[in-house]
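The structure appears below as structure tokens.
The values are calculated or read from the model by the stated rules, or taken from the named source; none is laboratory data. Keep in mind it's a predicted model, so treat the numbers as computed, not measured. Glycine also receives a Cβ, built like all others from the backbone with ideal geometry; neighbour counts cover every protein chain displayed. SASA here: full protein model, heavy atoms, side chains in, ligands and nucleic acids out. Shrake-Rupley method; radii C 1.70, N 1.55, O 1.52, S 1.80 Å.
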Amino acid sequence: EAQVTQNPRYLITVTGKKLTVTCSQNMNHEYMSWYRQDPGLGLRQIYYSMNVEVTDKGDVPEGYKVSRKEKRNFPLILESPSPNQTSLYFCASSWVAGKVNEKLFFGSGTQLSVL
Amino acid sequence: EDQVTQSPEALRLQEGESSSLNCSYTVSGLRGLFWYRQDPGKGPEFLFTLYSAGEEKEKERLKATLTKKESFLHITAPKPEDSATYLCAVQAGGYQKVTFGTGTKLQVIP
């Protein structure tokens, strides 16, 4: 089954404690991206990757890191989480046809709470 | 900067009462406009991609249309299972960025 798998589903942590949210896709997609979703603000892009070892910042990259060492995996790293990073996070992936991202496949989300 | 504005924020319909959701956008060089459906606690699910003004796509009770400034998602004779948040997104210029609107929360009452 084609899917994007995120883990964990829920995460509660404390300020300053490094954490990693994993994301894996089994569709051989070139493009992967991380979004955060906050009430009233919608989905905002954090980082994206066009392929292995190719990553770039989205709209709200501060406080986050990513890596793309393998095509299927795109982990999101919070080196020193702060309460304003409490949010619902989604990983997404897609093929790229021409210059258009074909439909994004989303993971089930990670609800992060930073105390 | 790409901007996507969806209206209304929330919409409550009786079962069978048709209506439309609006997505207005301001971008430079639209490459694609997307509609997604999101159920509570889940990731968005793809519905449609529209590439150019005048294009229309249909799926069951949903029909998406596109002009140079906005897109509409028409819902014909909705059912309670159509209740969800509908998200509009655009891709413009470089293909790395997809910008989302804040969504329209639709509730269909039996």
Counting only protein heavy atoms with a 1.4 Å probe and every protein chain in place, the carbon and sulfur fraction of the accessible surface of chain A in whole percent equals 52 percent
Any residue on another chain or 5+ positions along whose placed amide H is under 5 Å from the amide H of B:R12 is listed here as B:Q107
Result for the protein assembly as shown: accessible area per residue, probe 1.4 angstrom, in square angstrom, of 48 Å²
If each part is reduced to its alpha-carbon centroid, segment B:37-110 and segment A:1-54 end up apart, in Å, by 22 Å
For A:K71, the aspartates and glutamates lying under 13 Å Cα to Cα, once residues fewer than eight places off in the same chain are dropped, come out as A:E30, A:E53
With the full set of protein chains present, the residues of segment B:68-110 whose 1.4 Å probe accessible area falls by 40 Å² or more relative to the chain alone are B:Y95, B:Q96, B:K97, B:V98, B:F100, B:T102
Log entry: pair-distance distribution for the protein assembly as shown, C-alpha pairs binned every 10 Å from zero, whole % per bin is 8, 33, 35, 19, 5, 0
With x for Gly and Pro, the residue-by-residue ³J(HN,Hα) of segment A:83-88, computed from phi through the Karplus equation 6.51 cos²θ - 1.76 cosθ + 1.60 at θ = phi - 60° and given in whole Hz, is x, 6, 9, 5, 5, 9
Phi-derived 3J(HN,Hα) across segment B:63-76 with the Karplus relation (6.51, -1.76, 1.60, θ = phi - 60°), rounded Hz, x for Gly and Pro, is 9, 10, 10, 9, 10, 6, 10, 7, 10, 10, 10, 8, 10, 9
What the 5 Å binned alpha carbon P(r) of chain A shows, as percent of pairs per bin from 0, is 2, 13, 24, 26, 19, 10, 4, 1, 0
Non-local residues with an amide H under 5 Å from the amide H of B:S83, with H modelled 1.01 Å from N and Pro and chain starts lacking one, are B:V108
Quick note, segment B:34-92: a/c under 1.5 would make it rounded; otherwise a/b > b/c is prolate and the rest oblate (a ≥ b ≥ c, C-alpha gyration tensor); here it is oblate
FRET efficiency for A:A2 and B:E17 from the Cβ-Cβ distance with R0 = 41 Å, rounded to 0.05, comes out at 0.70
Whole-Hz Karplus couplings 3J(HN,Hα) for segment B:24-30, θ = phi - 60° and coefficients 6.51, -1.76, 1.60, Gly and Pro as x, run 9, 9, 10, 9, 10, x, 5
Cα-Cα pairs in segment B:1-106 separated by more than 21 Å, as a whole percent of all pairs, come to 29 percent
Beyond 28 Å (Cα-Cα) in this structure, taken from B:K42/B:K63; B:K68/B:K105; A:K17/A:K103; A:K69/B:K105, we find A:K17/A:K103; A:K69/B:K105
For the pair B and A, the solvent-accessible area buried on both sides (1.4 Å probe; DNA, RNA and ligands excluded), in Å² to the nearest hundred, is 1800 Å²
